[in-house]
Amino acid sequence: MTPITIQQTAEDAKLAFELHTHAELDSIRLQKARATSQPLLEPMRTPIVLRINRKAKQAQAPEGIVRFEVEFRLAGERETEGSEGESSTAKAQVVLVECTWELDYRLQKDYQPSPAALKAFKDGNAIFNCWPYFREYLQNTVTRMNLPPLTVPLLRLLPKPPRKKPTQAQAVPSENTSDEQ
């Protein structure tokens with residue numbers, strides 16, 4: 001499985017660190033979950049292709065608390081052969097696990113994070129902090145479906161590569177706005 005990463009610019013990492021130094025993780029709670037699997041009529045002979053998606057958002061919280069909701073979705077598909085005479089293959093969903101975690105961070109007294117710090121923290125630290133809970137929930141749930149246990153890779157925080165400046169050939173010519181003719 002390919003590594004799972006979160007990339008942030010140096011500025012976003014700095015903003016997230018600011019909030020990180022002024023807050024403490026107070027609780028992580030499984031807010032909602034859904035899991036389904038395809039009936040196993042015969043042993044699987046083809047590998048399962050996994051796709052993991054994640055999304056975080058800020059939610060309403062009591063005074064002095066910053067709350068984020070982090071949604072994870074894992075879909076496992078395998079290729080199935082077409083019926084006799086057909087050479088095409090289709091993808092069949094074997095497993096689907098969706099869950100949302102609610103994370104509460106207690107803020108230090110008299111600290112009010114900026115909107116930019118909240119966004120940077122939500123898109124990095126909040127996801128990173130609940131990743132182990134998602135991994136454990138996923139492995140437990142899939143094992144209870146009598147499917148092979150999944151070991152989801154660690155989540156890595158990486159610096160976002162700097163944006164490349166366009167070369168002369170790639171630069172879009174700007175419109176001439178001067179009055180000269």
Once both label points are put 7 Å beyond Cα along the C-beta direction, the K160-L41 separation in nm becomes 4.7 nm
Across the alpha-carbon set of the stretch 95-168, Rg over Rh with Rh taken as the Kirkwood radius works out to 1.14
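Taking a threshold of 27 Å on the Cα-Cα distance, which of the pairs K14/K55; K14/K165; K55/K109 fall above it? Don't skip to the answer; put the middle values down first.
Details: K14/K55 21 Å; K14/K165 23 Å; K55/K109 29 Å.
Long pairs (Cα-Cα over 27 Å): K55/K109.
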Simple SL model, points at 7 angstrom along Cα→Cβ for Q112 and R144; separation in nm is 4.4 nm
For A92, placing the label point 7 angstrom along Cα-to-beta-carbon and taking the stretch 12-49, residues whose amide nitrogen sits under 11 Å are 38-46
Taking the alpha-carbon centre of each part, the distance from the stretch 99-142 to the stretch 20-77 in Å is 11 Å
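Where a number appears in this text, it was derived from the coordinates with a stated rule and is not lab data. The shown structure was predicted, so the numbers you read here are calculated from the model rather than taken from an experiment. In this analysis, Cβ positions are derived from the backbone assuming ideal geometry, glycine residues included, and neighbour counts consider all displayed protein chains.
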